[in-house]
Amino acid sequence: MPTRDTAWPNGTPCWIDYGVPDVEAAKSLYATVLGWTYEGGDPEYGGYLTCLRNGLQAAGMAPQQDPADPPRWTTYFATDDADATAARVTEAGGRVVMEPMDVGPLGRMAVAHDPQGNVFGLWQAGQHTGVDIYNEPGAVVWNEAAVDDPAAAREFYGAVFGFRFDAVEGAGDYTTFTTSDRPLGGLGEHQAGSPKGWTVCFSVGSTDAAVDAVTQGGGAVTTAAQDTPFGRFAVVSDAWSAPFSVMQELSG
């Protein structure tokens, strides 16, 4: 089971969280879909919950702060210096919407928009180092952005995080991004009818069962379950229209 308990390297998608209008209903839905349990929710941290898979940190969840801001899963990128990275966001044409701030002893965070308006976060680890479990059912397996102008997005994220972008054969303009020898996520052109901006893919034991659980919980299917070279994949949205995808590793 892939796990980690130390800070993630700079530029790595290291954490995800979700501000949702109905936390209790969301807890029930994601417990069914992803097998999560929960801890936290202290008023000191705005009711913020840690979502656990097998007792390990997989994600965060909290009450929605701004009713005008659509519910979404936010991807956070690891940084050794949130202030310096936030400054690069501005220099590269993005906008910092939540200036770097300390979250007690847990770490330092910021939230930003890229020049095309897509939301992402920064996380400088303290006691909280990010996800403890990944690439396992109930945990994140991939983060990617669907944007209007992929070339401009690559220029921006390359300037902020130092990413190298590698083409994926047969995938059109889709590229992976990395700072080392393994892909950290993906970036491609937004297609009509699909989610826009940064989205999260969760590993699941059964894609079909996960899709059924989402729809029974009031969600919807955007891309029906299908087999791909990487696994059985589907794109869904939950009962509050927050999109995400699910992937089941193909056997054999």
Inset, instruction - Just the number, please: Stokes-Einstein D of region 111-151 in µm²/s, Kirkwood Rh from C-alpha pairs, 4 °C, 1.567 mPa s. - result: 101
Legend entry - Relative intensity, log₁₀ I(q)/I(0), of region 37-184 from a Debye sum that treats every alpha carbon as a point, q = 0.10, 0.13, 0.20, 0.21 Å⁻¹: -0.38, -0.66, -1.47, -1.55
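Which number do you get for Rg(Cα) / (2.2 N^0.38 Å) in region 107-182?
Output field value: 1.24.
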Legend entry - Under the Karplus curve 6.51 cos²θ - 1.76 cosθ + 1.60, θ = phi - 60°, whole-Hz ³J(HN,Hα) for region 52-65, x wherever Gly or Pro sits: 10, 10, 6, x, 10, 5, 10, 5, x, 8, 8, x, 4, 8
Inset, instruction - May I ask you to work out the translational diffusion coefficient for region 196-252 at 25 °C, viscosity 0.890 mPa s, via Stokes-Einstein with Rh from the Kirkwood sum over Cα pairs, reported in whole µm²/s? - result: 219
Inset, instruction - Sort all Cα-Cα distances of the chain into consecutive 10 angstrom bins from zero, then give the percent of pairs in each bin up to the one containing the longest distance. - result: 7, 32, 39, 20, 1
Legend entry - Trp73 accessible area, assembled protein chains, probe 1.4 Å, Å²: 10
Legend entry - Coarse-grained scattering of region 128-252 at q = 0.10, 0.13, 0.15, 0.17 Å⁻¹, given as base-10 log I(q)/I(0) from a Debye sum over alpha-carbon atoms: -0.33, -0.57, -0.75, -0.96
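The values are calculated or read from the model by the stated rules, or taken from the named source; none is laboratory data. As the structure is a computational prediction, the values presented were derived from the model and not from experiment. Protein only, heavy atoms only, side chains kept; ligands, DNA and RNA dropped before computing areas. Shrake-Rupley method; radii C 1.70, N 1.55, O 1.52, S 1.80 Å.
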